[in-house]
Each structure stands twice: as C-alpha cells, then as structure tokens.
1. Of all residues being open to solvent by less than 30 Å² (accessible area, probe 1.4 Å) and outside any loop (DSSP other than H, G, I, E, B) in region 199-208, which is nearest to TYR94 (Cα to Cα)? Just the residue, please.
2. Suppose we filter region 137-149 for residues that are outside any loop (DSSP other than H, G, I, E, B) and either surrounded by fewer than 23 Cβ atoms within 10 Å (Cβ to Cβ) or in contact with a Lys or Arg (Cβ under 9 Å, 6 or more places away or on another chain) (or both); how many remain?
3. Would you call ASP12 modelled with pLDDT of 95 or more, open to solvent by 30 Å² or more (accessible area, probe 1.4 Å), more than 14 Å from ALA74 (Cα to Cα) and over 14 Å from the mean Cα position of the chain (by Cα)?
4. May I ask you to list the residues in region 11-31 that are farther than 14 Å from MET1 by Cβ and without any contact (Cβ under 8 Å) to a residue 40 or more places away in the chain?
5. Among PHE123, PHE85, which is open to solvent by less than 30 Å² (accessible area, probe 1.4 Å), aromatic (Phe, Trp, Tyr) and not in a strand (DSSP E or B)?
6. Would you be able to tell me the number of residues in region 150-168 that are in a helix (DSSP H, G or I) and either at pLDDT below 95 or more than 15 Å from ILE136 (Cβ to Cβ) (or both)?
7. If a residue must be open to solvent by 60 Å² or more (accessible area, probe 1.4 Å), touching a helix residue (DSSP H, G or I) at 6+ places or on another chain (Cβ under 9 Å) and touching a residue at least 40 places away in the same chain (Cβ under 8 Å), how many such residues does region 151-198 contain?
Amino acid sequence: MILEQLIVGTMDVCCYVVGCEKTGKGAVIDPGGDEDKILASVKKHGLDLEYILLTHGHPDHVCGNRKLKEATGAKIVMHTDEAAFLAKPGIAEYFSMLGLEPSPPADILIKEGDIVSVGEEKFKVIHTPGHTPGGICLYNAPNLFTGDTLFAGGIGRTDFPGGSTEQLLTAIRSKLFVLPAETVVWPGHGYGGCHSTIGIEAKSNPFL
C-alpha cells in the first residue's frame with residue numbers, strides 16, 4: 001500500500017495519503033488544510049483520488065475537504081452518526097469558532113464493519129465514539145488510522161459537544177486493543193509521536 005503521512009494546517013493534523021500500488025486508486029484521510037501539499041503528494045504517487053475519508057468531523061480535520069473535492073471529484077466519506085451529530089442545531093456554530101473552512105456534506109455514509117475499497121486495498125470501519133459520536137478508526141492491516149480516538153501516549157479530548165470519556169475508553173479497550181500488538185497506530189495528531197503500535201499503547205498509555 002502507498003502511505004504518506006503529512007502534517008497539515010494550523011493545528012498540525014496528521015493527514016494521510018493512501019493508495020493501491022496496483023490500480024493507482026487513492027484516498028486522503030483527514031485533510032486538515034495545506035491542500036496544495038496534499039495534492040502534490042497525490043500527484044507524486046500518481047494516484048486517482050476516489051475518496052476523502054474522515055475519522056470525524058471536527059473542522060481541523062475537514063477544512064481541506066472542499067478544495068480537494070473541487071480539484072479531484074473525490075467523494076467525502078463519513079460515519080452516519082457523525083453526519084447526524086453535525087446536523088444538530090448549534091453544532092456547526094459551536095465549531096465555527098475555530099475559524100476554519102466547513103466541509104461540504106458527506107457523499108457517502110458508513111457504519112461499523114463497513115469496508116471502503118481503494119483499489120485492492122480494504123479499509124475496515126471501526127466505530128469508536130467518545131471524541132465525537134461518529135468517530136471512527138480505519139483498519140488496513142497492519143495499519144490503523146485512529147484520528148483523535150487514540151494518540152501515541154494519549155487519547156482524544158472528550159470535553160467538546162458530543163464527547164464521552166466512558167464511551168471513548170470502552171471503544172479503545174474493546175475494539176482497538178483486541179487487534180494484533182504489532183498493529184501500527186497512525187494518529188490524528190502527533191502530540192506524543194507521529195506513530196505507535198497497539199502493543200505499546202496497551203502497555204503504557206497513561207490514560208488506559
């Protein structure tokens with residue numbers, strides 16, 4: 001699999017350009033700004049961008065959606081619970097305080113257990129609510145893209161609207177820590193490092 005990690009935007013989001021080497025199909029996970037940098041990576045790898053995959057809908061992770069979609073025609077993919085949450089009265093206004101570009105509506109809604117195919121690469125949807133109601137991780141063994149669910153040595157905040165510490169910890173323990181120890185964790189921010197493994201986080205993450 002093609003995999004490049006980019007640090008983008010004003011909030012240093014870990015964005016991922018992923019693709020299938022055999023077919024040239026590609027996707028971007030969490031385009032949080034610096035769209036020209038992301039598009040340059042897509043071009044460098046010779047990818048036909050099919051999807052914009054969102055681990056959650058916070059503006060720092062989606063503010064590049066509009067420009068990427070306009071430039072490539074890629075479809076925006078989000079968990080169904082996240083789309084419903086963002087459509088609630090007052091939620092968009094609350095997060096607009098960050099001053100970042102809002103995302104167009106999702107083109108494709110997904111749920112727990114769905115598979116997103118990018119060429120011959122398969123990304124399994126793992127619903128991990130807690131940071132947001134529709135937060136997800138994307139699993140393409142041995143790689144796990146965790147968004148703001150799980151960081152290297154940390155976990156996502158739960159003090160925003162829709163957050164729940166109990167839900168987040170339960171999701172991490174019951175859905176992520178059951179994966180093989182060698183699974184590579186690719187987080188949504190590099191607060192404690194830009195990658196880790198499930199084995200390391202299960203043993204040493206101070207929040208768990």
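The values are calculated or read from the model by the stated rules, or taken from the named source; none is laboratory data. On a predicted model such as this, the values are computed, not experimentally measured, just so you know. Neighbour counts run over all protein chains shown; Cβ positions are idealised from the backbone, glycine included. Heavy atoms of the whole protein, side chains included, go into the accessibility calculation; ligands, DNA and RNA do not. Shrake-Rupley method; radii C 1.70, N 1.55, O 1.52, S 1.80 Å.
1. For region 199-208, the residue satisfying everything is GLU201.
2. The qualifying residues number 5.
3. Judged against the criteria, ASP12 is not a match.
4. PRO31
5. Within the list PHE123, PHE85, the selection yields PHE85.
6. 2
7. Total meeting the criteria: 1.
Each row is one residue, and each column tells you yes or no for (1) within 16 Å of GLY135 (Cβ to Cβ); (2) touching a Ser or Thr at 6+ places or on another chain (Cβ under 9 Å); (3) of a type in the set (Ser, Thr, Tyr).
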position	(1), (2), (3)
ASP36	no, no, no
ALA71	no, no, no
LEU86	yes, yes, no
TYR94	no, no, yes
LEU100	no, yes, no
LEU109	yes, yes, no
VAL116	yes, no, no
